1. Output the number of the condition that Ile131 fails; it satisfies all remaining conditions of (1) out of contact with any Asp or Glu (no Cβ under 9 Å at 6 or more places or on another chain); (2) more than 20 Å from Tyr294 (Cα to Cα); (3) in contact (Cβ under 8 Å) with a residue 12 or more places away in the chain.
2. For the range 157-182, name all the residues that are more than 23 Å from Ile315 (Cα to Cα) and in contact with a helix residue (DSSP H, G or I) (Cβ under 7 Å, 6 or more places away or on another chain).
3. Check every one of the helices (runs of 4 or more DSSP H) wholly within the range 287-381 and list those with 1 or more residues that are touching an Asp or Glu at 6+ places or on another chain (Cβ under 9 Å) and over 30 Å from Ala146 (Cα atoms).
4. Of the residues Thr82, Thr120, Thr116, which single one is in contact with a Gly (Cβ under 7 Å, 6 or more places away or on another chain), hydroxyl-bearing (Ser, Thr, Tyr) and within 30 Å of Gly284 (Cα to Cα)?
5. Considering each of Glu273, Glu260 in turn, give the residue that is acidic (Asp, Glu), touching a Pro at 6+ places or on another chain (Cβ under 6 Å) and not in a loop (DSSP other than H, G, I, E, B).
6. Please verify whether the range 210-220 includes one or more residues that are crowded, with 18+ Cβ neighbours inside 10 Å, out of contact with any Ser or Thr (no Cβ under 8 Å at 6 or more places or on another chain) and in the same structural domain as Glu307 (by TED's automatic domain parsing).
7. Among the residues of the range 319-377 satisfying the criterion of being among the β-branched types (Val, Ile, Thr) and more than 17 Å from Pro44 (Cβ to Cβ), which is surrounded by the fewest Cβ atoms within 10 Å (Cβ to Cβ)?
8. How many residues does the range 382-401 hold that are at pLDDT 95 or above, surrounded by 17 or more Cβ atoms within 10 Å (Cβ to Cβ) and not in a loop (DSSP other than H, G, I, E, B)?
Amino acid sequence: MLYSELVGKTKKEAPKDEESINAKLLIRGGFIHKEISGAYIFLPLGLRVLNNVVRIIREEMEAIGGQEMALTALQNPESWKTTNRWADDVIDIWFKTELNSGAETGLATTHEEPLTKLLTQHISSYKDLPIYLFQFQTKFRNELRAQGGLLRTREFLMKDLYSFNKNKEDFEKYYEKAKQAYIKIWDRLGIGDQTYVTFASGGSFGKFSHEFQTVCEIGEDIIYIDKEKKIAVNKEVYNDDVLKELDLKKEDLEKVRGIEVGNIFPLGTRFSEALGLFYTDEKGNKKPVVMGSYGIGPGRVIGTIVELSHDDRGIIWPENIAPYKVSLIGIGKEIEKKVQEIYKELEGSEIEVLFDDRREVTPGQKFADADLIGIPYRVVVSEKTEDRVELKKRDKDKTELVTVKGLIKLLN
């Protein structure tokens with residue numbers, strides 16, 4: 001990509017109405033644009049990062065048997081009325097509207113109801129189970145106060161996986177498999193060391209659900225972490241009985257703030273019974289399907305990563321989700337032909353490059369923009385580098401001179 005053609009240039013200052021680090025840096029870096037409070041446009045750089053995060057999540061969901069689909073954002077109120085979740089006094093964050101026909105519809109906050117209703121047409125026998133379905137879908141929630149940049153928005157992408165099993169035992173096996181898949185996702189995204197399996201309220205579905213909380217000082221949640229056991233307890237369920245059940249000691253716990261980057265929780269048979277999702281078992285008995293739900297917000301994950309991985313110059317992206325692997329900069333008109341050849345050579349080696357080809361910008365500004373954008377490797381070509389190039393990692397101060405062949409070998 002040529003920087004001169006990129007839609008979404010860097011800015012010297014962030015909007016004054018943004019307080020969070022992630023919003024300031026992502027807007028200044030040209031990754032996102034604030035449309036209205038709680039709704040952000042993903043510009044080309046931002047979409048590349050988002051797609052990389054989605055790719056990692058998708059791979060891990062498919063690895064545990066998930067089939068991807070896409071449900072509608074517009075909702076049929078009847079399914080939600082059946083489960084008593086259409087009323088505003090039950091779910092107070094609905095975006096609802098009236099159609100020209102006079103009928104009412106809403107923009108989905110989550111998708112248990114429509115998917116459960118859909119599967120009544122596909123599940124009738126134990127032979128039809130298990131089924132694991134997931135999607136990446138835009139959700140809408142009329143939050144009272146959108147805040148924290150991408151951490152709490154009114155319109156956002158969510159990965160939601162739903163499991164459908166014959167019985168509690170089969171469900172629990174899959175639930176544990178999903179938990180381990182989530183742990184693998186955080187490791188691949190570079191936040192595994194700071195992210196804890198967190199015991200939280202199970203609501204009407206059981207004693208516990210599990211959140212995945214990333215330790216961060218701007219987090220909305222208070223959690224108590226055991227660094228040795230790599231688990232945590234949400235403040236909402238923190239008491240002596242819970243600590244005893246989890247074999248945790250108060251003196252081993254540290255009180256911190258966390259950002260909830262994902263959650264998994266049992267649904268039991270609440271939705272299947274209400275919406276008529278039953279199957280016939282091996283003995284001919286009619287039974288309700290046992291369900292689970294598993295969510296991750298990719299945008300919130302991106303916001304969390306920026307909150308954790310930055311310095312006073314800008315963002316420091318993990319390599320596997322960065323928008324490009326290399327930021328290429330040429331200094332001086334006399335080396336323009338040479339830097340163009342290197343650009344083509346890197347692209348020919350399938351290395352993703354953002355080439356800052358701007359002529360009217362000083363080298364210092366190019367360096368500053370490269371640091372702000374946070375691409376993992378900066379490569380500089382100048383007369384001083386002669387037949388080599390200067391290589392620097394974004395999170396290191398040291399530079400080194402390498403040949404182009406050596407650079408390609410290192411990057412691959």
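The values are calculated or read from the model by the stated rules, or taken from the named source; none is laboratory data. As the structure is a prediction and not an experimental result, all values here were calculated from the model. Neighbour counts run over all protein chains shown; Cβ positions are idealised from the backbone, glycine included.
1. Failing condition for Ile131: (2).
2. Answer for the range 157-182, where residues must be more than 23 Å from Ile315 (Cα to Cα) and in contact with a helix residue (DSSP H, G or I) (Cβ under 7 Å, 6 or more places away or on another chain): Lys159, Leu161, Tyr162, Ser163, Phe164, Asn165, Lys166, Ala181.
3. On the way: elements: 298-308, 336-348, 363-373.
It comes to 336-348, 363-373.
4. Among Thr82, Thr120, Thr116, only Thr120 is in contact with a Gly (Cβ under 7 Å, 6 or more places away or on another chain), hydroxyl-bearing (Ser, Thr, Tyr) and within 30 Å of Gly284 (Cα to Cα).
5. Numbers: Glu260 fails: touching a Pro at 6+ places or on another chain (Cβ under 6 Å).
The conditions single out Glu273.
6. For the range 210-220, residues crowded, with 18+ Cβ neighbours inside 10 Å, out of contact with any Ser or Thr (no Cβ under 8 Å at 6 or more places or on another chain) and in the same structural domain as Glu307 (by TED's automatic domain parsing): present.
7. Within the range 319-377, the first condition is being among the β-branched types (Val, Ile, Thr), and the residues that meet it are 321, 326, 329, 331, 335, 339, 342, 351, 353, 361-362, 373, 375.
After this cut, where a residue has to be more than 17 Å from Pro44 (Cβ to Cβ) as well, the list is 329, 331, 335, 339, 342, 351, 361-362.
Numbers: Ile329: 25, Ile331: 18, Ile335: 17, Val339: 22, Ile342: 21, Ile351: 18, Val361: 15, Thr362: 10.
Applying the filter and picking the extreme gives Thr362.
8. Of the residues in the range 382-401, 4 are at pLDDT 95 or above, surrounded by 17 or more Cβ atoms within 10 Å (Cβ to Cβ) and not in a loop (DSSP other than H, G, I, E, B).
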